[in-house]
1. Looking at B:Thr40, B:Thr2, which one is in a loop (DSSP other than H, G, I, E, B), within 14 Å of another protein chain (Cβ to nearest Cβ) and in contact with an Asp or Glu (Cβ under 6 Å, 6 or more places away or on another chain)?
2. If you scan the range A:275-314, which residues turn out to be in contact with a Gly (Cβ under 6 Å, 6 or more places away or on another chain) and surrounded by fewer than 20 Cβ atoms within 10 Å (Cβ to Cβ)?
3. Please find, among B:Ile325, B:Ile333, the residue that is more than 21 Å from the chain's Cα centre (by Cα) and closer than 18 Å to B:Lys42 by Cα.
4. Scan the range A:315-336 residue by residue and report those that are within 16 Å of B:Asn48 (Cβ to Cβ) and open to solvent by less than 20 Å² (accessible area, probe 1.4 Å).
5. Would you point out which residue out of A:Ala200, A:Ala212, A:Ala158 is touching a strand residue (DSSP E or B) at 6+ places or on another chain (Cβ under 9 Å) and under 22 Å from A:Ser100 (Cβ atoms)?
6. Just the residues that are within 13 Å of another protein chain (Cβ to nearest Cβ) and either in contact (Cβ under 8 Å) with a residue 12 or more places away in the chain or surrounded by 23 or more Cβ atoms within 10 Å (Cβ to Cβ) (or both), please, taken from the range B:46-56.
7. Return yes when A:Phe65 is without any contact (Cβ under 8 Å) to a residue 40 or more places away in the chain, in contact with a helix residue (DSSP H, G or I) (Cβ under 6 Å, 6 or more places away or on another chain) and farther than 26 Å from B:Lys42 by Cβ and no when it is not.
8. Select, from B:Leu90, B:Leu123, the only residue that is surrounded by fewer than 19 Cβ atoms within 10 Å (Cβ to Cβ) and not in a helix (DSSP H, G or I).
Number of protein chains: 2
Amino acid sequence: MTPFTLHTRSSECAARRGEVRTRHGIFQTPVFMPVGTQATVKAVTPENLLEMGAGIILGNTYHLFIRPGHELIRRFGGLHGFMNWPGSILTDSGGFQIFSLKDLATITEEGAAFRSHLDGAKLFLSPEGAVQVQESLGSDIMMCLDTCIPYPADRRQAQASTDLTTRWAGRCRQAHSNREQLLFGIVQGGMYADMRQSAAAALVDIGFDGYAIGGLSVGESKTLMHEMTEATVPALPADYPVYLMGVGTPADLVEGVWRGIDMFDCVMPTRNARNGTLFTSHGKVVIKNARYRDDPAPLDATCTCYTCRNYSRAYLRHLFVSREILSYHLNTIHNLHYYINLMDQIRTAIEADCYARFRNDFYSRLTDQ
Amino acid sequence: MTPFTLHTRSSECAARRGEVRTRHGIFQTPVFMPVGTQATVKAVTPENLLEMGAGIILGNTYHLFIRPGHELIRRFGGLHGFMNWPGSILTDSGGFQIFSLKDLATITEEGAAFRSHLDGAKLFLSPEGAVQVQESLGSDIMMCLDTCIPYPADRRQAQASTDLTTRWAGRCRQAHSNREQLLFGIVQGGMYADMRQSAAAALVDIGFDGYAIGGLSVGESKTLMHEMTEATVPALPADYPVYLMGVGTPADLVEGVWRGIDMFDCVMPTRNARNGTLFTSHGKVVIKNARYRDDPAPLDATCTCYTCRNYSRAYLRHLFVSREILSYHLNTIHNLHYYINLMDQIRTAIEADCYARFRNDFYSRLTDQ
């Protein structure tokens, strides 16, 4: 049974408005999921996330597997109990992080052997192990272990890797014992539309609770990313949620929704916050710039977040150049609020069936500055 | 007119329960003031401070003078407007920080010439300048510029420095134009009881809104610190607030109150929080220790702070060893709550006139562990 309920379809594009039910509640789609790598969304509390309207956050299996370990987290009531988060949680499979380790990882049919980036310890994660770890973490949505394809990759390399991901997906499905936790399959296929479509069909044959598009935003052009999304979405069942992994900029979200994506995650709002790059309805603000030294205005006059309600750009600049911890906190609240509020506006626009106009307005506001 | 109202005196010791009125409200004494060096109490928001019951915080004139500058802060409604803090603020004079610069500072009759620790810029602060800067910062309680005496110091050196502080105090009083901002004098005198008593008398002759004991907790023994406090407090007028600067540990607060101190400040709770050393009713917890790895208990079972209500020692250890920003936030909330709650208990004990028993219980709980 699908966890997805469709509310509205755009008449102008593939955008759709719906909701996903997990054992920790319902979240509205399209949705952006803040990334909480190490059992915390960096620099904010669960209450901050609830206040800004986050319904689901993401945890990173690789990081939690290494530290503090999934067995410890299981004893604390899973990630929800350990980090005190009442909403839904999606965990990735660890595949992307292991892939990022490059020389520290070896992929075989059996699984991924790798060394901890913390202490060099030899570790191994099989598809079955990735499910078991995520069952211990108690996430609401688990991801199949996948292999990521570097960009660029030739067709043979991409095909071999994609086929392995599909075989691993079958093993993950077999290993999946707690059906209260949803399991999503991941479509790879590099930058080959037909390969992604075949991979999607193979995953649908296995049958999952949702489908993710992986291996995009890895260095390819935006055009190519959109092409791959457009090729893949129609190959997936319309009554299941579709998740575009690791994407992206505000414009990427607007474009992804246009092409039928329901779920997104990205470190961009949280990482940029800590680097002092802040999102506003008129574009980015680099808060350390001297032009903000005396600026009494809030970051974004139209923003209703805690930071914009209470602090000036001048104060935020002072905190950032002084390297104060409060800077990371206030910046993160603002950037995550921006992303979550953007998705809220997107949902409203789809409901009103004016998503094309919304998209145009979004771009014209950006170029105001 | 004194800003101090006495509520109760202990029948057992010099402890007293009262309140101080400033233009930003009333705070209850004895009080602990969290330190907000650079226009932020590190790692927490104003709302966090209000929730834990902080009525007054401290700002550092030296740091704010250097960055972002008092003129900028004045344009933003003073420190209160700039950092969004509705309660009272005490600013130090900058003397202690300039003193700490050692080779970067030269003290003359006129004032203190020093170089910025940030960029080496040549700066100068006179007693009049220190008042002017603090008037720009808009603090509720300003401190006279003083010279700090190293420890140990011979009598001649201590006398010369103390006399200079007293002459500067007179100049500060003259320069004090906005009488809505209170101005406190600072008693120096090194480790010489009679010198402190003479200095106190000289300050009382000038007449201030409150009196501070400076130059303690600079390396001397606890016994000597207590002796100097005991020698100074009776030399100050009983109807004015008495502030022991830069002190100290929880036991130092208990002992200071015993000797008649009304106000304290110290970076210890905030700095220790960031170092992972946490205060509990049973003593210190060094949260990185492996013994807390699997510990489901809160930091302090008797503590009602946000951190203890929601998180386990195991989670706090995980955040700390993972160097997550949330670690500094949660630890700071706990440590400041511990200090503020300790002062609350102290005030209740004085009201009930059982401060001697409270002090005994405080020490016996500490040795439980």
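1. Numbers: B:Thr2 fails: within 14 Å of another protein chain (Cβ to nearest Cβ).
The conditions single out B:Thr40.
2. We begin by selecting, within the range A:275-314, every residue in contact with a Gly (Cβ under 6 Å, 6 or more places away or on another chain); these are A:287-288.
Matches in the range A:275-314: A:Lys288 only.
3. Details: B:Ile333 fails: more than 21 Å from the chain's Cα centre (by Cα).
Of B:Ile325, B:Ile333, the one residue that is more than 21 Å from the chain's Cα centre (by Cα) and closer than 18 Å to B:Lys42 by Cα is B:Ile325.
4. Kept after step one, since they are within 16 Å of B:Asn48 (Cβ to Cβ), are these residues of the range A:315-336: A:319, A:324-330, A:332-333.
If the condition is that a residue be within 16 Å of B:Asn48 (Cβ to Cβ) and open to solvent by less than 20 Å² (accessible area, probe 1.4 Å), then A:Leu319, A:Glu324, A:Leu326, A:Ser327, A:His329, A:Leu330, A:Thr332, A:Ile333 are the ones that fit.
5. Values: A:Ala200 fails: under 22 Å from A:Ser100 (Cβ atoms); A:Ala158 fails: touching a strand residue (DSSP E or B) at 6+ places or on another chain (Cβ under 9 Å).
Exactly one of A:Ala200, A:Ala212, A:Ala158 is touching a strand residue (DSSP E or B) at 6+ places or on another chain (Cβ under 9 Å) and under 22 Å from A:Ser100 (Cβ atoms), namely A:Ala212.
6. Kept after step one, since they are within 13 Å of another protein chain (Cβ to nearest Cβ), are these residues of the range B:46-56: B:46-51.
Result: B:Pro46, B:Asn48, B:Leu49, B:Leu50, B:Glu51.
7. Numbers: without any contact (Cβ under 8 Å) to a residue 40 or more places away in the chain: no; in contact with a helix residue (DSSP H, G or I) (Cβ under 6 Å, 6 or more places away or on another chain): yes; farther than 26 Å from B:Lys42 by Cβ: yes.
It is false that A:Phe65 is without any contact (Cβ under 8 Å) to a residue 40 or more places away in the chain, in contact with a helix residue (DSSP H, G or I) (Cβ under 6 Å, 6 or more places away or on another chain) and farther than 26 Å from B:Lys42 by Cβ.
8. On the way: B:Leu90 fails: surrounded by fewer than 19 Cβ atoms within 10 Å (Cβ to Cβ).
Step by step, each of B:Leu90, B:Leu123 is checked, and only B:Leu123 is surrounded by fewer than 19 Cβ atoms within 10 Å (Cβ to Cβ) and not in a helix (DSSP H, G or I).
The values are calculated or read from the model by the stated rules, or taken from the named source; none is laboratory data. All of these numbers come straight from a predicted model, not from anything done at the bench. A quick note on method: Cβ atoms are made from the backbone with ideal geometry, for glycine too, and the neighbour counts reach across all protein chains shown. Ligands, DNA and RNA are excluded from the accessible area calculation, which covers all protein heavy atoms including side chains. Shrake-Rupley method; radii C 1.70, N 1.55, O 1.52, S 1.80 Å.
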